[in-house]
Number of protein chains: 2
Amino acid sequence: MTGSAALFTDRYELTMVDAALQDGTAHRESLFEAFARRLPDGRRYGVVAGTGRLLELIDRFRFEDAELEWLRENRVVRPESLDWLADYRFRGDIWGYREGEVYFPGSPLLTIQATFAEAVLLETVVLSTLNFDSSVASAAARMVSVALGRPIAEMGSRRTNERSAVAAARAAYIAGFDATSNLEAGRTWDIPTMGTAAHAFTLLHDSEEDAFRAQVRAFGTETTLLVDTYDIRRGVELAVRVAGQGLGAVRIDSGDLPTVVASVREQLDELGAVGTRITVTSDLDEFTIAGLSGAPVDSYGVGTSVVTGSGAPAAGMVYKLVARRDDAGEWISVAKASTSKASVGGRKNAARRLDSTRTAREELVFIGDGPGGDAEFEPGSHLRPLMVPLVTGGVADAAYLGAAGTAAARAHRAEAMQELPIEAFRLGRGEAAIPTTYR
Amino acid sequence: MTGSAALFTDRYELTMVDAALQDGTAHRESLFEAFARRLPDGRRYGVVAGTGRLLELIDRFRFEDAELEWLRENRVVRPESLDWLADYRFRGDIWGYREGEVYFPGSPLLTIQATFAEAVLLETVVLSTLNFDSSVASAAARMVSVALGRPIAEMGSRRTNERSAVAAARAAYIAGFDATSNLEAGRTWDIPTMGTAAHAFTLLHDSEEDAFRAQVRAFGTETTLLVDTYDIRRGVELAVRVAGQGLGAVRIDSGDLPTVVASVREQLDELGAVGTRITVTSDLDEFTIAGLSGAPVDSYGVGTSVVTGSGAPAAGMVYKLVARRDDAGEWISVAKASTSKASVGGRKNAARRLDSTRTAREELVFIGDGPGGDAEFEPGSHLRPLMVPLVTGGVADAAYLGAAGTAAARAHRAEAMQELPIEAFRLGRGEAAIPTTYR
């Protein structure tokens, strides 16, 4: 990815920098925190995603000539502040939850320590990436857990912005999806891509048989034939006739799925196509996938619901100043005090308390200094530290970047999910799976 | 904007092209249509947005060396098909509803006529732009209509992907929002930007008074002071003390808004700040804005709900092959026949039937040839044609592009909304405001 990310920013961040440069407070060392006050309604846990993308965007967060010229022409800040912006690059430190980590209300997902001006500029880009990507990953993780090991492909690019589609494919992959239809996500993040044909391909041909023959000629009998353009029963029969009993898979994109899938399986078996798989792709979400757990489905394709966070299209994370140094160099905790949006000030650390079976029991948020490592907490239990250094002195840890970082996040998510108590996997509405305790 | 848009594409579009190039059907002249089977649950109308962005993306839809190399390495298509892709640019015709137009279920929002291969490649990019942008515009238009002329600013960048934020700002502006906090949207689409300070600016300072003084020194007394960091009553009192009775505005971002706004207005008037405006920004949507219609609010700032389509984050549009030529050169209507996702085949035209008061009464979709102009339909009523040429022979009409196209879409939306019957503006759930009739 190329180009400046500096204008993915709300105007008030620049006006705050402008005003704070005038009275000198811009240079006060500050600590900002990104966290979610609550999980989306009824959810038991969330999955952090976006971190790797964010680190790359922060590296590209520079005001180049084009950005400075636009800010000058539009008088967004004073000319003196433009000089400061021209020199800007983030030189601070960021600690946070690893991408793929599970989170709960109040989990300090990122802490950004830098001068006020350096850190406040990142508010929008931090929240855009974390909110969108975590929304998708949190929904996707629920779908993965109810799919019971059957592969799921993300195919929702058409139901979200063309660029957010690429991020959504990545977030779903981190959450355990196996592939995406999105080619740019394949290229950028090395995610397996999939897809064969739409109904248009069948309708293009003079007959369904012509279409199937063309597809099998092009891709071999291992391909997936879409069998519901006209009549599923005749489609299946034709598919096996054209491709033979070695047909790879049939795809079903409509109808009452539990019934249809059962009858297609029966028909395939009767036709001797016992190895032909069934993939379904019709408006699935975590609830319909769960409803298919007893059906002979081999794989799922999910679109709209995953890229829109399945009812929770933004994860609700906020970015708050929680501490700053005063003129004497002392750290002071700060927090907004108003109704319903109060936050907890102060530098934080976090650990997850696990019991003797390595099941998560509590999210511990330490205000002030927290535990430095994997210390014993009580007999038979221990604390898993949750925050790792992501950016040090402006330099991102390369382990979290690019395709390798994406793969690492996916692996970390799998491990972190294994710690969740069984209640976390209930689909019905409920409270967070473990409580968050401030110490 | 720069860079190729060719991989904002689902893999199956390329595999269909690959297979259709092998059997020659790729070159069959085809007609694809984008439409919504239904409006989001309970909505009365939708607003088309994304068209201008789409036309720019289509112009950038080229397979450059980097894309071709990735497709080759990953064997997405055969080597022979790569040569076709290397030469690809869209050379067909696109007709459609103007950006900003109101739409209903079945409205033929776009028709794309080209060879099958040329047109099928655009499926994802067509739907990503129309679905996302129209979702935002449709939600935004409802907010605008209940704001009763009070200005609304879009400030939801942090609650959607960093790139979709730019598109969302544009879609909200087309739907009648007055400004955005998003700087990139300001730069790219010439949308007015706004914003002054967050709670962090107050917390950065040793006192609220210091923060207000710094802001007034930087931006003058016309600025907007955020008064709810600690205690709203004291915040308002301090704001007027610092800025004087000429203070531009106070912003309230929390609390029970109808009550709080009324008491802040009273307090401002008592303090002699009778010209100081009140802007509110706390988790607003069309329902809370409607609930504030009797409150002395001067302007609104809306975030999460507008960028996420206020409960309908994807507009549900689909892209279907509706007609193609056969080998004899005759047009044949085609349509999927399966349950619940059937579509209406054939070339379409559309017009809105208006009564003598220029109120919309019916969405007429003509299958085959439709009306060419503004013909009289019955005494006292007439038809307004809805489809205009957007792309001719691969060349987009420049009137729909860039900042000027965005402004034109905003103006067109205002005109089209004036035709809607009064029932369309009810917030409660209901049917589409006018019926769609196929002729």
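Since every read-out is calculated from the coordinates, none of them should be taken as a lab result. These numbers were taken from a predicted model, which means no experiment stands behind them. Every residue, glycine among them, receives a Cβ derived from its backbone with ideal geometry; neighbour counts consider all protein chains shown.
Go ahead and estimate [θ] at 222 nm for chain A from helices alone: -39,500 (n - 2.57) per DSSP H run with n ≥ 4, summed, over the residue count, rounded to 500.
Details: 15 runs with 158 residues, N = 439.
The per-residue figure over chain A is -10500 deg cm²/dmol.
How much net charge surrounds A:G430 when only the other residues with a Cβ under 12 Å from the Cβ of A:G430 are counted, with Lys and Arg +1 and Asp and Glu -1?
Combined, the nearby Lys, Arg, Asp and Glu give +1.
Spelling out what I want: for every residue of the stretch B:71-82, take phi, set θ = phi - 60°, compute 6.51 cos²θ - 1.76 cosθ + 1.60 (Karplus), and round to whole Hz; glycine and proline get x.
5, 5, 4, 9, 6, 6, 9, 5, x, 4, 6, 4
Quick one: how many lysine pairs in the protein assembly as shown have C-alpha atoms under 22 angstrom apart, if they're 8 or more apart or on different chains? Before the final figure, lay out each step's value.
On the way: A:K320/A:K336; A:K320/A:K341; A:K320/A:K348; A:K336/A:K348; B:K320/B:K336; B:K320/B:K341; B:K320/B:K348; B:K336/B:K348.
Pairs that pass both the separation and distance tests number 8.
With a 10 Å Cβ neighbour count serving as the proxy for reagent exposure, in which order, fewest first, do B:I112, A:I332 appear?
Values: B:I112 26, A:I332 14.
Going from sparsest to densest Cβ surroundings: A:I332, B:I112.
Mind jotting down a quarter of the surface of the convex hull over the alpha carbons of chain A, in square nanometres, one decimal?
Details: hull surface 97.2 nm².
The orientation-averaged projected area of the Cα hull of chain A comes to 24.3 nm².
Give the separation of the Cα centroids, the stretch A:173-221 to the stretch A:304-357, in Å.
Measuring centre to centre over Cα atoms gives 42 Å.
Apply the Karplus parameterisation 6.51 cos²θ - 1.76 cosθ + 1.60, with θ equal to phi minus 60°, to every residue of the stretch A:125-130 and state each ³J(HN,Hα) to the nearest whole Hz, in sequence, with x for glycine and proline.
With coefficients 6.51, -1.76 and 1.60, one gets 5, 4, 6, 4, 5, 5 Hz.
Using a simple charge model, +1 on the beta-carbon of Lys and Arg, -1 on the beta-carbon of Asp and Glu, nothing else, what dipole does chain B show about its Cα centre, in debye to the nearest 20? Walk me through the numbers before you get to the answer.
Values: 47 positive and 60 negative charges, 139 e Å.
Once rounded to the nearest 20, the dipole reads 660 debye.
Using a cut-off of 13 Å between beta-carbons, work out the net charge of the residues near B:D41 (Lys and Arg +1, Asp and Glu -1, B:D41 not included). All intermediate terms of the calculation are to be shown ahead of the outcome.
Numbers: positive: B:R37, B:R38, B:R43, B:R44, B:R429; negative: B:E431.
Surrounding charge for B:D41 is +4.
Quantify how strongly other chains surround peptide B:69-81 by giving the mean number of their Cβ atoms within 10 Å of each of its Cβ atoms.
Details: counts 1, 5, 3, 0, 1, 6, 0, 4, 1, 2, 0, 0, 1.
Mean shielding count: 2.
Assume the label is 7 Å from Cα along Cα to beta carbon: what separations in nm does A:T359 have to the matching positions in the other copies?
6.3
If you take the charge dipole of the stretch B:147-311 about its Cα centre, with +1 on Lys and Arg Cβ and -1 on Asp and Glu Cβ, which of B:T276, B:S310, B:A262 is farthest toward its positive end?
Final value for the positive-end residue is B:S310.
Amide H of A:Y103: which non-local residues (sequence gap of 5 or more, or other chain) have their own amide H closer than 5 Å, using H built in the peptide plane?
For A:Y103, whose amide H was placed from the backbone, the distant partners under 5 Å are A:G46, A:V47, A:V48.
Shortest first, in nm, what separates the label point of B:F287 from those of the same position in the other copies (7 Å along Cα→Cβ)?
1.7
What relative contact order, as a whole-number percentage, does chain A give when Cα pairs under 8 Å and 6 or more residues apart are counted? Could the numbers behind the result be given before it?
Details: 936 pairs, mean separation 100.3, N = 439.
Value for chain A: 23 percent.
How large is the Rg to Rh ratio of the stretch A:105-209 when both quantities use alpha carbon positions and Rh follows Kirkwood? All intermediate terms of the calculation are to be shown ahead of the outcome.
On the way: Rg = 18.1 Å, Rh = 16.0 Å.
That ratio is 1.13, to two decimals.
Which ³J(HN,Hα) values, rounded to whole Hz and listed in residue order, are derived for the stretch A:259-270 from phi using the Karplus coefficients 6.51, -1.76 and 1.60 in 6.51 cos²θ - 1.76 cosθ + 1.60 with θ = phi - 60°, glycine and proline given as x?
5, 4, 4, 4, 6, 5, 4, 4, 5, 4, 5, 4
Under 25 °C and 0.890 mPa s, how fast does the stretch A:77-165 diffuse according to Stokes-Einstein, given a Kirkwood radius computed over C-alpha pairs? Answer in µm²/s, whole number.
On the way: Rh = 16.3 Å.
Rounded, D is 151 µm²/s.
Ignore the peptide's own chain and count Cβ atoms of other chains within 10 Å of each Cβ in B:18-28; give me the average, rounded. Working shown, then result.
Details: counts 3, 13, 9, 1, 5, 9, 1, 7, 1, 0, 3.
Across the residues of B:18-28, the mean count of other-chain Cβ atoms within 10 Å is 5.
Using Cα pairs under 8 angstrom and six or more residues apart, how large is the relative contact order of the stretch B:147-311, in percent?
Details: 284 pairs, mean separation 42.1, N = 165.
RCO, the stretch B:147-311: 26 percent.
log10 I(q)/I(0), Debye, Cα-only the protein assembly as shown, no solvent, q = 0.11 Å⁻¹?
-1.33
For the stretch A:196-296, just the Cα set please: Rg and Dmax, both in angstrom.
Computed over the Cα atoms of the stretch A:196-296, radius of gyration and Dmax are 12.9, 38 Å.
Beyond 13 Å, how much of the Cα-Cα pair distribution for the stretch B:382-424 remains, as a whole percent?
67
Sort B:L284, B:L54, A:L21 so that the residue with the fewest other Cβ atoms within 10 Å of its own Cβ comes first and the one with the most comes last. Please list the in-between numbers first.
Numbers: B:L284 24, B:L54 30, A:L21 21.
By the 10 Å Cβ count, ascending, the order reads A:L21, B:L284, B:L54.
Along Cα-to-Cβ, 7 Å out, sits the label point; list in nm, shortest first, how far the one on B:N74 is from those in the other copies.
Here B:N74 shows inter-copy label distances of 3.4 nm.
Rank A:L31, B:M143, B:F287 by how far each Cα sits towards the positive end of the charge dipole of the protein assembly as shown (+1 on Lys, Arg Cβ; -1 on Asp, Glu Cβ) and give me just the farthest.
B:F287
Could you line up B:S263, B:S128, B:S299, A:S164 from fewest to most neighbouring Cβ atoms inside 10 Å?
Values: B:S263 14, B:S128 34, B:S299 20, A:S164 28.
Placing the least packed residue first, the sequence is B:S263, B:S299, A:S164, B:S128.
When you look at the Cβ of every residue in A:177-186, what mean number of other chain Cβ atoms sits within 10 Å? Intermediate values should be presented prior to the final figure.
Numbers: counts 0, 0, 1, 2, 6, 7, 14, 9, 2, 6.
Taking the mean over all residues of the peptide, I get 5.
Under 5 Å between amide hydrogens, which residues at least 5 positions from A:S343 or on another chain qualify, with H placed 1.01 Å from N in the peptide plane?
So A:S343 has HN proximity to A:K336.
Using amide H atoms built 1.01 Å from N in the peptide plane, name the residues 5+ places from A:M387, or on other chains, whose amide H lies under 5 Å from its own.
Amide H to amide H, under 5 Å and 5 or more residues apart or across chains, A:M387 pairs with A:A350.
Roughly how far apart, in whole Å, are the Cα centres of the stretch A:233-278 and the stretch B:79-133?
Centre-to-centre distance over Cα atoms comes out at 32 Å.
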